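Written below as structure tokens is the structure these notes are about.
The values are calculated or read from the model by the stated rules, or taken from the named source; none is laboratory data. Please read all numbers here as calculations on a predicted model, not as lab measurements. Using ideal geometry, Cβ is built from the backbone for each residue, glycine included, and neighbour counts are taken over all protein chains shown.
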């Protein structure tokens, strides 16, 4: 049974990644490989789906399923946002500009979408997915888990190391700004461009994936980097 849940976890994580990528690409009017991790999956959607299945699978009424699904998944989203902010001192998404938000971590529109997703998941999608999984050989599910779990762990480790490294770069530039080592806008621009050149592939990908990311400690510096990064993107699009 555990191997089925592992398969479902990754399956729904991929679906979540597809949804996030399409939504953000449309909003930004450019392709965005959405997701905190490198792989094509958003684990928060996978864990949200598993949580729905474990807690709400026996709920009968559509409206109650919608309501409880919205509350349950928004709670998970809020907790995920808080944990990631505490770990990295960074706000990866922010709904502060949307109506009926709570601390910028969750909002009413998102809750309604998650509620609808919960109904679709339990009433339509998962019965089909579960039926197909029942036909899958046990050896396939075991092999899938043995392959994907190490990949996922490595992906998490690489991403965390790079995010922490990026924060160190932000700190160094921020200290220079505070110590007035950068005395005018021209030298400031030079410093930002130097930092841009030192960004690795992972750091550039995260800036593309989260164009509205905010740093709790070094947000002024991060916004300068984001502005320069966006200018580079626009220049490439015009070429």
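Checking every residue in region 85-107 against the condition of being in contact with a helix residue (DSSP H, G or I) (Cβ under 7 Å, 6 or more places away or on another chain), under 19 Å from residue 44 (Cα atoms), part of a helix (DSSP H, G or I) and in the same structural domain as residue 43 (by TED's automatic domain parsing) gives at least one match. Inside region 36-63, residues that are assigned to a loop (DSSP other than H, G, I, E, B) and either in contact with a strand residue (DSSP E or B) (Cβ under 6 Å, 6 or more places away or on another chain) or closer than 17 Å to residue 74 by Cβ (or both) make up a count of 2. Of the residues making up region 1-19, just one is under 16 Å from the mean Cα position of the chain (by Cα) and free of Cβ contacts under 8 Å to residues at least 24 places away in the same chain, namely 18.
The selection criterion, being in contact with a strand residue (DSSP E or B) (Cβ under 9 Å, 6 or more places away or on another chain), over 27 Å from residue 69 (Cβ atoms) and not assigned by TED's automatic domain parsing to the domain that holds residue 86, does not hold for residue 162.
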